[in-house]
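Comments concern the structure below.
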Amino acid sequence: MSYESSRLGGARRVDHARELHELRRFAHLLDEAIRIPVIGYRIGLEPILGLVPVVGDLSGFAVSGYLIFRAARLGLPREIVSRMIFNAVLDAAIGSIPIVGDVFDFFWKVNKRNIRLVEQHLRARA
């Protein structure tokens, strides 16, 4: 477990298992919450948001940033956090291209990718 500063200046323990569970659920909501009938492919809220020009892509980037912020509180090394940020920036950059970006958003699943990075790190550290 690692510690995080509270607003009152004290430190509180970050429960890695609980935080990771919440991050997985959040990433699932963003990337795979909805099953497309017949083909069985899963999409989440982020690619749907991305269909709205500019605002949707910025919203998706902000939500991915929030996930990265919460994951970083688990004590991840700078290299992993940097990789997660790179993934989110790539998603936002390509996602902002009309049509091509929308298709990209349906397949890239940046939040699930970033959660896998967190899981790999925590497994290696255990």
Margin query: Every residue in segment 72-126 that is hydroxyl-bearing (Ser, Thr, Tyr) and either under 15 Å from residue 20 (Cα atoms) or surrounded by 13 or more Cβ atoms within 10 Å (Cβ to Cβ) (or both), please.
Written below: 96
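Which residues, taken from segment 48-71, are buried (at least 17 other Cβ atoms within 10 Å of the Cβ), of a type in the set (Gly, Ala, Ser) and at pLDDT 90 or above? Before you say what the answer is, go through the steps one by one.
Kept after step one, since they are buried (at least 17 other Cβ atoms within 10 Å of the Cβ), are these residues of segment 48-71: 48-50, 56-57, 60-61, 63-64, 67-68, 71.
Keeping just the survivors that are of a type in the set (Gly, Ala, Ser) gives 50, 56, 60, 64, 71.
If the condition is that a residue be buried (at least 17 other Cβ atoms within 10 Å of the Cβ), of a type in the set (Gly, Ala, Ser) and at pLDDT 90 or above, then 56, 60, 64, 71 are the ones that fit.
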Check: Is there a residue being of a type in the set (Gly, Ala, Ser) and at positive phi anywhere in segment 86-108?
Finding: no
Next item on the list: List the number of the failed condition for residue 92; all other conditions in (1) in contact with a Ser or Thr (Cβ under 9 Å, 6 or more places away or on another chain); (2) hydrophobic (A, V, I, L, M, F, W, C); (3) at pLDDT 95 or above; (4) over 21 Å from residue 126 (Cβ atoms) hold.
Entry: (3)
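The values are calculated or read from the model by the stated rules, or taken from the named source; none is laboratory data. Here the structure is a predicted model, which means the values were calculated and not measured. Cβ atoms come from the backbone with ideal geometry, glycine included; neighbour counts cover every protein chain shown.
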